[in-house]
Amino acid sequence: ANGLATGVSYVDKNDLQEYEVRASTVILGASAGESARLLLNSKSASHPNGLANSSGVVGKYLHDSTGASLSGFLPQLLDRKRYNEDGVGSVHIYSPWWLDNKKLDFPRGYHIEYGGGMHMPAYGFGQGIQNLNGLVPGRDGQPREAGGFGAALKDDYRRFYGTQVGMAGRGTALARADNYCEIDPDVVDKYGIPVLRFHYKWTEAEIKQAKHMQETFQAIMHGMGAIITSTIPGPDTNYGLAAPGRIIHEVGTVRMGDDPKKSALNKWCQAHDCRNLFVVDAAPCVQQGDKNATWTILALSMRTSEYILDQRKRLILS
């Protein structure tokens, strides 16, 4: 009657029965998509549009990082000395955003993550040896066909091991109300609970950003003498821009803000409509930058936790 959350209900996977857990404070951290799904499915007389959704923004402003990549190899690293390079990765070699947006045709920016090195070989064909060994002369200096077999192929595995390099751009996508998730009226999961359906399209801003990524990758590759091995994507594929959701950095579906008419949560990630409900995952993020959202999630959740403890001490929250 008072519009507060009373707890959570769940389905036990063993007996497929629904149970309830009562709680004076409910903290939701199910992920940007699932938190929106839970709120939208939690309708009542007090919350006819879903819990914490009098503003109608729950599910809206969904956005994911942009992503594009390019691969190649460095001939100057052929036959290089062997090292144990396990553990070295994109966290060690990184290019933050470095340009002035006023001089570009798209807003915001991206960073570049780099990969390569002598990592443990995976299953397959030596990281695609057939795509490499026909691009440079053999040991005798003569052109050779790609692929091969026997001793020559084994020798190429050794020659090319550790020569490959990859670049991955991760950038900012603009938060837009017309990119959103909603409850699917026709589809339920195995427990009979309605699932989400998604509406998401890239805009010219993200496509132009991906084009800039590819141009930058190629300039770096050529500048260091690399041979590009991946197909260079063009406008027909949005310059290799990954499909929405592919980078799995989705945020923004239960946004925070000062105005209850335009946001679902206040600055403490507390629901405007339901003061004993908090959301502590990526859903509160209003506009993600080019960085992964993980540290922001951790910082906001710690801040919210401290606020809840303070409110309980003051007996404002029970």
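Overview of values
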{"item": "Tally, over segment 178-201, of residues that are surrounded by fewer than 19 Cβ atoms within 10 Å (Cβ to Cβ), of a type outside the set (D, E, K, R) and under 19 Å from the mean Cα position of the chain (by Cα)", "result": "3"}
{"item": "Residues of segment 264-283 satisfying the condition of being part of a loop (DSSP other than H, G, I, E, B), touching a Ser or Thr at 6+ places or on another chain (Cβ under 8 Å) and either within 16 Å of SER301 (Cα to Cα) or among the aliphatic types (A, V, I, L, M) (or both)", "result": "ALA264, TRP268, CYS269, ASN276, VAL280, ASP281, ALA282, ALA283"}
{"item": "Boolean, ALA177 is farther than 30 Å from PRO48 by Cα and either out of contact with any helix residue (DSSP H, G or I) (no Cβ under 7 Å at 6 or more places or on another chain) or modelled with pLDDT under 95 (or both)", "result": "no"}
{"item": "Selection count where residues are part of a loop (DSSP other than H, G, I, E, B), of a type outside the set (D, E, K, R), in contact with a Leu (Cβ under 8 Å, 6 or more places away or on another chain) and over 16 Å from ARG303 (Cα atoms), scope segment 237-263", "result": "3"}
{"item": "Only one of ARG170, ARG139, ARG159 that is among the charged types (D, E, K, R), touching a residue at least 12 places away in the same chain (Cβ under 8 Å) and in contact with a Ser or Thr (Cβ under 7 Å, 6 or more places away or on another chain)", "result": "ARG170"}
{"item": "Failed item in (1) free of Cβ contacts under 8 Å to residues at least 60 places away in the same chain; (2) crowded, with 16+ Cβ neighbours inside 10 Å, with HIS272 passing the rest", "result": "(1)"}
{"item": "Check on ALA283, buried (at least 20 other Cβ atoms within 10 Å of the Cβ) and under 30 Å from PRO96 (Cα atoms)", "result": "yes"}
{"item": "Among (1) surrounded by fewer than 18 Cβ atoms within 10 Å (Cβ to Cβ); (2) in contact with a helix residue (DSSP H, G or I) (Cβ under 9 Å, 6 or more places away or on another chain); (3) part of a helix (DSSP H, G or I); (4) of a type outside the set (Val, Ile, Thr), the one test that ASP156 misses", "result": "(1)"}
{"item": "Which numbered condition THR25 misses (of (1) farther than 26 Å from ILE247 by Cβ; (2) in contact with a helix residue (DSSP H, G or I) (Cβ under 7 Å, 6 or more places away or on another chain); (3) buried (at least 19 other Cβ atoms within 10 Å of the Cβ))", "result": "(3)"}
{"item": "Failed criterion for VAL88 (all others in (1) over 27 Å from the mean Cα position of the chain (by Cα); (2) surrounded by 13 or more Cβ atoms within 10 Å (Cβ to Cβ); (3) at pLDDT below 90 hold)", "result": "(1)"}
{"item": "Unique residue being among the β-branched types (Val, Ile, Thr), closer than 30 Å to GLY115 by Cα and in contact with a strand residue (DSSP E or B) (Cβ under 6 Å, 6 or more places away or on another chain) when the list is ILE27, ILE93", "result": "ILE93"}
{"item": "Filter pass, ILE232 being of a type in the set (A, V, I, L, M, F, W, C) and in contact with a Ser or Thr (Cβ under 9 Å, 6 or more places away or on another chain)", "result": "no"}
{"item": "Listing of strands (runs of 3 or more DSSP E) fully contained in segment 162-227 that carry 1 or more residues being touching a Gly at 6+ places or on another chain (Cβ under 9 Å), under 25 Å from GLN287 (Cβ atoms) and not hydrophobic (A, V, I, L, M, F, W, C)", "result": "164-171, 180-188"}
{"item": "Unmet requirement for ALA122, which otherwise passes all of (1) crowded, with 16+ Cβ neighbours inside 10 Å; (2) assigned to a loop (DSSP other than H, G, I, E, B); (3) hydrophobic (A, V, I, L, M, F, W, C)", "result": "(1)"}
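The values are calculated or read from the model by the stated rules, or taken from the named source; none is laboratory data. The structure presented is a predicted model; accordingly, all values stated were derived computationally and were not measured. All Cβ positions, even for glycine, are placed from backbone atoms using ideal geometry, and neighbour counts span all protein chains on display.
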